[in-house]
Amino acid sequence: MEHSECTKEQYPDKINLRHRALMRRLVAGMNLTQACEDLGYSLQRASVIVNSPLFLEEKEKMSKNVERGFVDAESTRLSADPTRAILDDAKEAAAKTMKGALNANSESVKINAAKDILDRTGYAKEDKVNANILMEPSQGLLDMLTRVMGGKNGSNGVPANTEGKDSTPK
């Protein structure tokens, strides 16, 4: 399906953590409406994101990684690796130890345990996202600026010679 130029301009230029969260839910079998409700996305914005070529490519990679993970987990489970067996036996105790560290006397131990637990359960700190947003002023805003500037307009209806002036209300 061919998308309009306007829609294509709204495609993300990189996949961020929220996009990956949406992707994980879709790969896990949620429908788009459920994933949007879960993450607080509008259905319209999510539709643009999930139909972008970059998202589709990354989602395909994620699906293959998940499938590969299942195959690897099954082969590991079936293998007779003694080290893996020891680690598998110890993982529950290790998780309980980490949980117990939340009650440690040291604040730094508590904080580090909490961060590790959150990170390992999918609640890692999200990266900040920089965005360039193009906003066009409404005619009402242009009219108000014209009144405030005393009618000194340029030819395009925007107050003239405002560059470098602080227009923030005092």
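Put in order of Cβ neighbour count within 10 Å, fewest first, the listed residues 123, 41, 11 become 123, 11, 41. Label separation (residue 61 vs residue 11): 1.5 nm, computed from points 7 Å beyond Cα along the C-beta direction.
Computed over segment 1-145, relative contact order equals 18 percent, with contacts defined as Cα pairs under 8 Å that lie 6+ residues apart. Residue exposure proxy: 52, 47, ordered by other Cβ atoms within 10 angstrom of their Cβ from fewest to most, comes out as 47, 52. Placing R0 at 45 angstrom, the Cβ-Cβ distance between residue 121 and residue 144 gives a FRET efficiency of 0.35 after rounding to 0.05.
Which pairs, out of 59/115; 99/125; 8/59; 14/64, put more than 25 Å between their alpha-carbon atoms? Result: 59/115 exceed 25 Å.
Every number here is computed from the coordinates shown, using simple stated rules; none is lab data. If you're wondering where the values come from, they're calculated on a predicted model, not measured in any experiment. Positions of Cβ are backbone-derived with ideal geometry, glycine not excepted, and every protein chain shown enters the neighbour counts.
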